[in-house]
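Reading through the structure tokens given below for one structure.
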Amino acid sequence: MTVPSDVAARIRALRKQLNEHNYRYYVLDDPEIPDAEYDRLFRELQALEEKYPAQVTADSPTQRVGAGPLKIFGEVRHAVPMLSLGNAFSAEEVRDFGRRIAEKLGLSEDEIDFTAEPKLDGLAISLLYEAGVLVRAATRGDGITGEDVTQNVRTISCVPLRLRAEAQRPWPRVLEVRGEVYMPKAGFEALNERQRRAGEKPFANPRNAAAGSLRQLDPKITAGRPLAMFCYGIGQVEDGQLPDRHSAILAQLKDWGLRVCPQIRRAQGIAACLDYYRDIGERRSQLAYEIDGVVYKVDRIDQQQALGFVSRAPRWAIAHKFPAQEALTRLLDIDIQVGRTGAITPVARLEPVEVGGVTVTNATLHNQDEIARMDLHRGDTVVVYRAGDVIPKVGGVVLSRRPPDARPFVMPTHCPVCDSDIVRLEGQVIARCSGGLFCPAQRKEAIKHFASRRAMDIEGLGEKLVEQLVDRDLVHDPADLYALSVEQLAALERVAQKSAENLLAALEKSKATTLGRFLFALGIREVGETTAQSLAQHFGDLPSIEAADLDTLQSVPDVGPVVANSIYTFFRQVHNRDVIDKLVSAGIHWPKIAVKKPATLPLAGKVIVLTGTLQGLSRSEAKQRLQALGAKVTGSVSKKTDWVIAGEAAGSKLEKAQGLGIEVLDEAGLLNLLQISPASI
């Protein structure tokens, strides 16, 4: 058959691409495209070679399993080739597999027993045992020759160095066991966290992490990585007998001390195999390890032998792949979302692509650092995956496909919702909108915080009521709370006339507060109760705080550069100042504060911890009064603590104070510090 020139050119191009991807995947451990894209290219080449068999060459990727070994490891020639499996991507392809087997064996499909097992996403390994002792471990390599990784595999704790002598059946003199080395999900996350802390590049996925860990030149590095292994079959066997079923062989391997996946099941007929596929697919995210499909194997060894092999795979087994969890698509744009706490999150707008059976058009990009790390440009071809089969994420960029007009992303300087400044505090990866009192994206959280017990303490204004007020467009900022009417409140769900009247009374009561509580209620980033109180004591009035520059703010105790920058930026937003003016105009007020130099306050420099229940005044009130006298009130006991105030039912803090020899005062001692007469409370 004459081959059209364009077809011959396509075959050559596919071979070149696949060989390059094989090299990146097997040799460099740095794949550029998802497995699904590789599978698509491979199947296209396979189909063309089947149609034009004269075009098949010995060096075609369809005629081998993988790529050659790295020269830095010793080479190992497999006595029995380590072939890969054919793939099925649909139930119909699995049924075709079942029909072919049934015809070959002269049986009905329901008469054939299979083992169904998870297809682990790791690195195939051969373990060679002689007289029950591990003597060699090798990678699959190209299926004929692999790499000697014995010293590294010996560091994997679940791989036995000697087979169990207590087993019911003696092991063969020579036994080659095959399996998959992988990295559990939890271990992968912990490893990547260590990589980030050390300033090193995190691994893209558990398979890459496992491959990179197993192929370290220094076994000590491998020993520090959380690797594991499941065994799924055998290769070379000499001087010994094995059971006549694959499932029984796996049970025997387990008896000899080798680790076998507990999810493996016997299945009678293809229908039972497909049931297993659906079941484990539903439980996939709950497994402790990554899988990318299911493997079906004819269980009887004599039937396997009768079925034999094709050039690169056994006829008696097939891998049923899950829908692709990774795919390639184009990054159309990067938009900005503003979260309920003001967090700025870049979001990728993608050319629609199917990933894991779901059409994906958007994916989170986390933050500016993550975009810079991946070097993302608008117009790039990117790898998209679904983390935990749910959340779409961008895993990286295919630089070789970057178009000339690709544009880098620049983080905006102003909030796209309210136009306030976007700020990123020193040492933090998240940028935030600084218009907390005004920004519609933060409205609900700002109001909830403003009304909370430790802020303005507006009794009756709970979370669900805030949701209704905002959703019905009655409240746009905290100041609008003080303009509500009984009629507006009574019209809300589950709010009766009396409840509405009570809430208005609570709002009126909240107008009399302290400057410290008011500052805390504003929700300024990094400003907690203690810092708010320090600001109030240091400046004495709100205009002085609003006008303070960075150097002046840093003269306040406990206010460093990060906190000062947050305060300074907050009060420079016109929207925030407008809301504050509205609040003051609504009648919110506080007593005047006689500013004293911190060093002159009677408890200046003293560190105090409150614990237990006080009878005469609340813990919150005691804290405020101590802070007004210059004390620093903290939540934990340390050697720097001067006094621990212990009320009733004081617990571990009291015990720690006694252990450190710190002076403990009761409530009478607290009143003495505050110079308050018990009778006056």
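The values are calculated or read from the model by the stated rules, or taken from the named source; none is laboratory data. Computed from a predicted model, the values in this text were never measured in an experiment. Cβ: placed from backbone, ideal geometry, glycine included. Neighbour counts: every protein chain shown.
Screening the range 171-184 for residues that are under 20 Å from VAL295 (Cβ atoms) and charged (D, E, K, R) and picking the one that is surrounded by the fewest Cβ atoms within 10 Å (Cβ to Cβ) gives ARG178. Closer than 24 Å to ARG577 by Cα and over 27 Å from the mean Cα position of the chain (by Cα), is that true of CYS415? When the stated conditions are applied, CYS415 does not pass them.
Within the span defined as the range 598-618, one or more residues are at positive phi and in contact with a Gly (Cβ under 9 Å, 6 or more places away or on another chain).
Scanning the range 393-435 for residues that are more than 18 Å from GLY523 (Cβ to Cβ) and aliphatic (A, V, I, L, M) yields VAL394, VAL397, VAL398, LEU399, ALA406, VAL410, MET411, VAL429.
I'd like the full set of residues that are surrounded by 16 or more Cβ atoms within 10 Å (Cβ to Cβ) and in a helix (DSSP H, G or I), limited to the range 429-455. Once the filter is applied, which keeps residues that are surrounded by 16 or more Cβ atoms within 10 Å (Cβ to Cβ) and in a helix (DSSP H, G or I), the range 429-455 yields ALA441, GLN442, ARG443, LYS444, GLU445, ALA446, ILE447, LYS448, HIS449, PHE450, ALA451.
Can you confirm whether ASP380 is closer than 30 Å to ILE144 by Cα, more than 21 Å from the chain's Cα centre (by Cα), surrounded by 15 or more Cβ atoms within 10 Å (Cβ to Cβ) and of a type in the set (Asp, Glu)? Give the derivation first.
Values: closer than 30 Å to ILE144 by Cα: no; more than 21 Å from the chain's Cα centre (by Cα): yes; surrounded by 15 or more Cβ atoms within 10 Å (Cβ to Cβ): yes; of a type in the set (Asp, Glu): yes.
When the stated conditions are applied, ASP380 does not pass them.
Of the helices (runs of 4 or more DSSP H) lying entirely inside the range 571-664, those containing at least 3 residues that are more than 25 Å from ALA536 (Cα to Cα) and outside the structural domain of PHE450 (by TED's automatic domain parsing) span 652-660. In the condition set (1) crowded, with 16+ Cβ neighbours inside 10 Å; (2) in the same structural domain as ALA512 (by TED's automatic domain parsing); (3) over 21 Å from GLY436 (Cα atoms), ASP558 is compliant with all but (1). Of all residues in the range 625-668, those that are closer than 20 Å to PRO557 by Cα and either over 40 Å from the mean Cα position of the chain (by Cα) or among the small types (Gly, Ala, Ser) (or both) total 12.
Just one residue in the set ARG225, ARG245 is under 30 Å from ILE301 (Cα atoms), among the charged types (D, E, K, R) and touching a residue at least 12 places away in the same chain (Cβ under 8 Å); that residue is ARG245. Can you name the residue in the range 325-353 that is out of contact with any Leu (no Cβ under 9 Å at 6 or more places or on another chain) and within 20 Å of PRO31 (Cβ to Cβ) and, of all such residues, is surrounded by the fewest Cβ atoms within 10 Å (Cβ to Cβ)? Within the range 325-353, the match that is surrounded by the fewest Cβ atoms within 10 Å (Cβ to Cβ) is LEU328. Scanning the range 81-112 for residues that are in contact with a Pro (Cβ under 7 Å, 6 or more places away or on another chain) and surrounded by fewer than 15 Cβ atoms within 10 Å (Cβ to Cβ) yields nothing. When the test is whether a residue is in the same structural domain as GLN305 (by TED's automatic domain parsing) and surrounded by fewer than 17 Cβ atoms within 10 Å (Cβ to Cβ), GLU238 passes it.
Residue-by-condition table, conditions (1) of a type in the set (A, V, I, L, M, F, W, C); (2) at pLDDT below 90; (3) within 24 Å of ASP457 (Cβ to Cβ):
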position: PRO591; (1), (2), (3): no, no, yes
position: GLY616; (1), (2), (3): no, yes, yes
position: ARG625; (1), (2), (3): no, yes, yes
position: SER677; (1), (2), (3): no, yes, no
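Listed by position, the helices (runs of 4 or more DSSP H) inside the range 456-542 whose residues that are more than 43 Å from the chain's Cα centre (by Cα), modelled with pLDDT under 95 and more than 30 Å from SER555 (Cα to Cα) number at least 1 are 486-490, 497-510. Among the residues in the range 560-567, are any without any contact (Cβ under 8 Å) to a residue 40 or more places away in the chain and either farther than 20 Å from THR634 by Cβ or assigned to a helix (DSSP H, G or I) (or both)? The answer is yes; a qualifying residue exists. Contact map, the range 267-286: residues that are over 16 Å from ASP299 (Cβ atoms) paired with residues that are of a type in the set (Val, Ile, Thr), Cβ distance under 6 Å, separation 6+ or inter-chain. Pairs shown: TYR277/VAL294. State whether one or more residues within the range 85-108 are without any contact (Cβ under 8 Å) to a residue 40 or more places away in the chain, closer than 28 Å to GLN63 by Cα and either assigned to a strand (DSSP E or B) or hydroxyl-bearing (Ser, Thr, Tyr) (or both). Within the range 85-108, one or more residues are without any contact (Cβ under 8 Å) to a residue 40 or more places away in the chain, closer than 28 Å to GLN63 by Cα and either assigned to a strand (DSSP E or B) or hydroxyl-bearing (Ser, Thr, Tyr) (or both). Could you grab the pairs with beta carbons closer than 7 Å, sequence gap of 6+ or different chains, first residue in the range 493-517 and in contact (Cβ under 8 Å) with a residue 60 or more places away in the chain, second one buried (at least 19 other Cβ atoms within 10 Å of the Cβ) and not in a helix (DSSP H, G or I)? Listed pairs, sorted by first residue: SER510/MET456; SER510/ILE458; LYS511/ILE588; THR513/MET456; THR513/ILE588; ARG517/ALA455; ARG517/MET456. The set of residues from the range 295-308 being of a type in the set (Val, Ile, Thr), touching an Asp or Glu at 6+ places or on another chain (Cβ under 7 Å) and under 23 Å from ALA91 (Cα atoms) comprises just one member, VAL295.
Within the range 640-651, being modelled with pLDDT of 85 or more and among the small types (Gly, Ala, Ser) holds for ALA646, GLY647. Here the range 543-559 is the region considered, the condition is being not hydroxyl-bearing (Ser, Thr, Tyr) and not in a loop (DSSP other than H, G, I, E, B), and the residue that is nearest to GLY516 (Cα to Cα) is ILE545. Considering every residue within the range 293-314, establish whether at least one is under 30 Å from PRO184 (Cβ atoms), touching a Cys at 6+ places or on another chain (Cβ under 7 Å) and in contact (Cβ under 8 Å) with a residue 40 or more places away in the chain. Among the residues of the range 293-314, at least one is under 30 Å from PRO184 (Cβ atoms), touching a Cys at 6+ places or on another chain (Cβ under 7 Å) and in contact (Cβ under 8 Å) with a residue 40 or more places away in the chain, which makes the answer yes. Which one is nearest to ALA564 (Cα to Cα), of the residues in the range 401-428 that are of a type in the set (Val, Ile, Thr) and in a loop (DSSP other than H, G, I, E, B)? Applying the filter and picking the extreme gives THR413.
Here SER311 meets each of (1) in contact with a helix residue (DSSP H, G or I) (Cβ under 7 Å, 6 or more places away or on another chain); (2) under 30 Å from GLY357 (Cβ atoms); (3) at pLDDT below 95 with one exception, condition (2).
Here's the yes/no breakdown for (1) under 30 Å from GLY143 (Cα atoms); (2) of a type in the set (A, V, I, L, M, F, W, C); (3) in a strand (DSSP E or B); (4) at pLDDT 90 or above:
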residue: HIS320; (1), (2), (3), (4): yes, no, yes, yes
residue: ALA327; (1), (2), (3), (4): yes, yes, yes, no
residue: ARG330; (1), (2), (3), (4): no, no, yes, yes
residue: VAL347; (1), (2), (3), (4): no, yes, yes, yes
residue: LEU350; (1), (2), (3), (4): no, yes, yes, yes
residue: ARG373; (1), (2), (3), (4): no, no, no, no
